[in-house]
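Scroll down for the structure; my scribbles are underneath it.
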Amino acid sequence: MPAQFRKAAIVGGNRIPFARANGAYARAGNQDMLTATLDGLVARFGLQGQTVGEVAAGAVLKHSRDFNLTRESVLGSRLSAATPSYDVQQACGTGLETAVLVANKIALGQIECGIAGGVDTASDAPIAVNEDLRRMLISLGSAKTVQQRLKALSGIRPGQLLPEVPRNVEPRTGLSMGEHAAITAREWEIGREEQDQLALRSHQNLAAAYDRGFFDDLVTPFLGLTRDDNLRPDTSLEKLATLRPVFGAGESATMTAGNSTPLTDGASAVLLASDEWAAAHDLPVLAHLVDAQTAAVDHVHGGEGLLMAPVHAVPVLLARNGLTLQDFDFYEVHEAFASTVLATLRAWENPGYCKERLGLDTPLGPIDRSRLNVHGSSLATGHPFAATGGRIVATLAKTLSEAGPGKRGLISVCAAGGQGVVAVLES
Amino acid sequence: MVRTVLSETPALPALFARATLSARGRGGDLPDTRLAREGVVADPAQLAGYARVCRFPLGDTLPVTFPHLLAFPLQVALMADRAFPLALPGLVHVRNRIEAVRSIGVGEALDLEVWAERFARHRGGATVDLRASVSAGGEEVWRGRSTYLARGAQAPEGAPDADVDVEVGVLDRIAAQWQVHDDAGRRYAKVSGDVNPIHLSGLTAKAFGFKRAIAHGMWVKARALAALSGRLPDAVDVDVAFRKPLLLPSTVLLATEQVEGGWDLAVRNASAGTEHLLGTVRARR
């Protein structure tokens, strides 16, 4: 065992532009996008033919043939075939979780460098056969006699020929993520206009970042796209205000296609290493991954919102690192929905909630909103589930590096199943 | 009291047919009869199908509602017999109580005994309780009490008042939304054997006075309990009232609330708010 831990360095990142579903990447699969993203990272940091410590990545919507998605992508990439790889799946937390896993191995001295990533496609989704048909086919496969085969086949009904398309629905609650978020938005009395304002800022910040070339060394064009095609640089509060609510019901429905993330295709990857490895390879250190924390809430019977787990994870992370919520220069709060970000911030400011739910004598308090998602977030970029964590880690690391040494950033990502992953980065 | 031990489980379709044909001209008091079976072991295929349809995890112990399936054919045999005073077609399951003394292993040999009791007066007719007792190795491990309402029927002189309500607290937090498809009755019938025509199709349900096919109450109960999988003790009392029938198809909402000693439950229609099930789940002391 090493005598002491070392903080893993974030060397840089790469992603392909994110594309709205059934658009530019409609014909690309998860493996195509992840391979292209890894190759972009390889090209950027001169890793051709090299063996990195490991590659950890994953996808949320994954076809069963892609059981070894990351390994197969590595084999198809310009990395050495001797690079070990594995898949991770923690819903929308996947991308950040892979970065934490790779960073932890670097911190322990088990590897010197590694790549963390994620990919998702909502276009090339793994459609499954109807459950009844699937069971019939399984019994047909295990039938040994003609009679058994005929018996199995006799169970076929025309309705079973309809395939099952993956739905964005929580298995235990039967509610979509948007419907869950709408419940939370109502509980926290999140208004329509503040959601639209947050969405507008996300688009404006992302557009400005592209315009000044911020993403030039973070994004590699793919299949004709050079920018995230969900980005609407010219949107306005007026335009956003015209959209009809799509989640929630009645007067209290405030969530629209404008202040919710669209289904998106895309991939991202981050290169992490020890300081020594980065120096030996003449590569920069943008920031270090200081610490991370996960949490989960009971969104089924516990009366907590599906996307509120990061609210619980952050105070644990702060306490362990002797920090307050105000000790950060930048905040990256994943914009699953504008209302999710606003409910998260409101919960941290609420003394009753912080005491009863988080066990805190004093609330975490407000943050300086001008430090939030300064280069845009998921509302503007789109949200290919497992790719979002890598996008955020690379974006924040570069943001901190630009701001100078000693700057600190907080990442908060909510995930399906009532989970959350949060992390602290420092330049 | 006459106690008859059956050598095999009676076939439910034949019983339903016989009960329907002999529905007229019934009356009198409850028969002093008990039906029993000995050494019954759950069928693994039926258990797997039941677990899937009700969303219980399949494991090495029986879901708390499963012994009802084992005892149900005996209860129907009792009711189909001409000596039973009420006509089986049209009987409505209005309350079901289960006392699980301990969990039951999948391979345990179970002795079943069923009887009818508590012929009671109800404002809409008369109710009767079908009881079930399940023992393993001479020790009672599970008790069931299904209260059925016979509309327009009359309980005998001096009968007690019906007891069909279950008290629950405020239930305004939604735990889940269920899309209950129009084949829900057929699916449950297939795994439970309860082929009562009111559950199978709109046409057969209409013949018995329902607008559309209705979901089995015991399926609604089982699915609500399955939603609390992992949160209930092995020794547990579950008491539910079946309110308005759940017409198929429907979208319904499950509401749960943790209370002292257990949980309160409600299943209601998602748009109209009609109550289908109210129930309590309590750890046995």
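Per the listing A:220, A:145, the residue uniquely away from every other protein chain (no Cβ under 14 Å), β-branched (Val, Ile, Thr), more than 18 Å from residue A:258 (Cα to Cα) and in contact with a helix residue (DSSP H, G or I) (Cβ under 6 Å, 6 or more places away or on another chain) is A:220. Under the condition of being out of contact with any Leu (no Cβ under 9 Å at 6 or more places or on another chain) and surrounded by fewer than 24 Cβ atoms within 10 Å (Cβ to Cβ), the residues counted in segment B:221-235 number 7.
Just to be sure before I move on: is residue B:211 touching a helix residue (DSSP H, G or I) at 6+ places or on another chain (Cβ under 9 Å), farther than 22 Å from residue B:52 by Cα and not acidic (Asp, Glu) in the structure I sent? Against the criterion (touching a helix residue (DSSP H, G or I) at 6+ places or on another chain (Cβ under 9 Å), farther than 22 Å from residue B:52 by Cα and not acidic (Asp, Glu)), residue B:211 qualifies.
Would you mind stating whether residue A:203 is at pLDDT 90 or above and within 14 Å of another protein chain (Cβ to nearest Cβ)? Here the answer is no, as residue A:203 does not meet what is asked. Only one of the listed residues (A:59, A:43, A:107, A:82) is small (Gly, Ala, Ser) and under 20 Å from the mean Cα position of the chain (by Cα). That residue is A:59.
Taking (1) within 14 Å of chain A (Cβ to nearest Cβ); (2) over 17 Å from residue B:182 (Cα atoms); (3) touching a residue at least 24 places away in the same chain (Cβ under 8 Å) in turn, residue B:273 satisfies each apart from (3). Every residue in segment B:128-165 that is more than 19 Å from residue B:68 (Cα to Cα) and in contact (Cβ under 8 Å) with a residue 40 or more places away in the chain, please. Scanning segment B:128-165 gives B:150, B:151, B:153, B:156, B:159, B:160, B:161, B:162, B:163, B:165. Taken over segment A:188-228, the criterion of being under 20 Å from residue A:269 (Cβ atoms) and charged (D, E, K, R) is satisfied by A:216, A:217, A:227, A:228. Just checking: which of the strands (runs of 3 or more DSSP E) contained wholly in segment A:223-304 hold 1 or more residues that are under 20 Å from the mean Cα position of the chain (by Cα)? In segment A:223-304, the matching strands (runs of 3 or more DSSP E) lie at A:264-273, A:287-296. Of all the residues in segment A:334-362, those that are in contact with a Ser or Thr (Cβ under 9 Å, 6 or more places away or on another chain) and assigned to a helix (DSSP H, G or I) number 9.
Matching residues to (1) surrounded by 23 or more Cβ atoms within 10 Å (Cβ to Cβ); (2) more than 14 Å from every other protein chain (Cβ to nearest Cβ); (3) under 19 Å from residue B:68 (Cβ atoms); (4) modelled with pLDDT of 95 or more:
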| residue | (1), (2), (3), (4) |
| --- | --- |
| B:205 | no, yes, no, no |
| B:237 | no, yes, yes, yes |
| B:253 | no, no, no, yes |
| B:265 | yes, no, yes, yes |
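Within the bounds of segment A:257-275, is there any residue that is more than 26 Å from residue A:18 (Cα to Cα) and either among the aromatic types (Phe, Trp, Tyr) or surrounded by fewer than 24 Cβ atoms within 10 Å (Cβ to Cβ) (or both)? Within segment A:257-275 (the criterion being more than 26 Å from residue A:18 (Cα to Cα) and either among the aromatic types (Phe, Trp, Tyr) or surrounded by fewer than 24 Cβ atoms within 10 Å (Cβ to Cβ) (or both)), the answer is yes, since at least one residue qualifies.
Taking segment A:68-147 as the region of interest, the helices (runs of 4 or more DSSP H) fully inside it that hold 3 or more residues being surrounded by fewer than 21 Cβ atoms within 10 Å (Cβ to Cβ) and without any contact (Cβ under 8 Å) to a residue 24 or more places away in the chain are A:131-142. Of all residues in segment A:300-308, one or more are surrounded by fewer than 18 Cβ atoms within 10 Å (Cβ to Cβ) and at pLDDT below 95. With respect to residue B:180, determine if the residue is surrounded by 14 or more Cβ atoms within 10 Å (Cβ to Cβ), over 30 Å from residue B:109 (Cβ atoms) and either within 14 Å of chain A (Cβ to nearest Cβ) or among the hydroxyl-bearing types (Ser, Thr, Tyr) (or both). When the stated conditions are applied, residue B:180 passes them. Restricting attention to segment B:115-127, does a residue exist that is among the acidic types (Asp, Glu) and surrounded by 13 or more Cβ atoms within 10 Å (Cβ to Cβ)? No, because not a single residue in segment B:115-127 is among the acidic types (Asp, Glu) and surrounded by 13 or more Cβ atoms within 10 Å (Cβ to Cβ).
For segment B:226-246, a residue qualifies if it is among the hydrophobic types (A, V, I, L, M, F, W, C) and either more than 17 Å from the chain's Cα centre (by Cα) or outside any strand (DSSP E or B) (or both), and the qualifying residues are B:226, B:227, B:228, B:232, B:235, B:246. Among the residues that make up segment A:10-32, is at least one of them over 16 Å from residue A:387 (Cβ atoms), buried (at least 24 other Cβ atoms within 10 Å of the Cβ), among the hydrophobic types (A, V, I, L, M, F, W, C) and under 20 Å from the mean Cα position of the chain (by Cα)? Yes, segment A:10-32 contains a residue that is over 16 Å from residue A:387 (Cβ atoms), buried (at least 24 other Cβ atoms within 10 Å of the Cβ), among the hydrophobic types (A, V, I, L, M, F, W, C) and under 20 Å from the mean Cα position of the chain (by Cα). Looking only at segment A:62-79, residues that are of a type in the set (S, T, N, Q) and over 20 Å from the mean Cα position of the chain (by Cα) come to 2 in all. For segment B:69-180, the strands (runs of 3 or more DSSP E) that sit wholly inside it and include 3 or more residues that are over 23 Å from residue B:210 (Cα atoms) and either charged (D, E, K, R) or under 17 Å from the mean Cα position of the chain (by Cα) (or both) are B:92-100, B:110-122, B:125-136, B:139-151.
With respect to residue A:327, determine if the residue is within 14 Å of another protein chain (Cβ to nearest Cβ) and either part of a loop (DSSP other than H, G, I, E, B) or crowded, with 24+ Cβ neighbours inside 10 Å (or both). Taking the combined requirement at face value, the residue does not satisfy it.
Quick one: would you say residue B:186 is within 21 Å of the chain's Cα centre (by Cα), of a type in the set (Lys, Arg) and more than 14 Å from chain A (Cβ to nearest Cβ)? Spelling it out, it is not the case that residue B:186 is within 21 Å of the chain's Cα centre (by Cα), of a type in the set (Lys, Arg) and more than 14 Å from chain A (Cβ to nearest Cβ).
Selection of first residues in segment A:301-318 that are away from every other protein chain (no Cβ under 14 Å) and within 22 Å of residue B:255 (Cβ to Cβ) and of second residues that are part of a loop (DSSP other than H, G, I, E, B) and not hydroxyl-bearing (Ser, Thr, Tyr), restricted to Cβ pairs under 7 Å at least 6 apart or on distinct chains, gives the following pairs, ordered by first then second residue: A:307/A:336; A:308/A:297.
Going by the conditions given, is residue A:374 part of a loop (DSSP other than H, G, I, E, B) and in contact with a helix residue (DSSP H, G or I) (Cβ under 7 Å, 6 or more places away or on another chain)? So residue A:374 passes the test. For segment A:149-189, taking the residues that are more than 14 Å from every other protein chain (Cβ to nearest Cβ), modelled with pLDDT of 85 or more and over 23 Å from the mean Cα position of the chain (by Cα), the one that is nearest to residue A:300 (Cα to Cα) is identified as A:188. All conditions but one from (1) touching a helix residue (DSSP H, G or I) at 6+ places or on another chain (Cβ under 9 Å); (2) under 27 Å from residue A:362 (Cβ atoms) apply to residue A:309; the one that does not is (1). Just one of the listed residues (A:341, A:290, A:297) is touching an Asp or Glu at 6+ places or on another chain (Cβ under 6 Å), among the aliphatic types (A, V, I, L, M) and within 14 Å of chain B (Cβ to nearest Cβ), and it is A:297.
The values are calculated or read from the model by the stated rules, or taken from the named source; none is laboratory data. The structure displayed is predicted, hence computed values, not measured ones. Neighbour counts run over all protein chains shown; Cβ positions are idealised from the backbone, glycine included.
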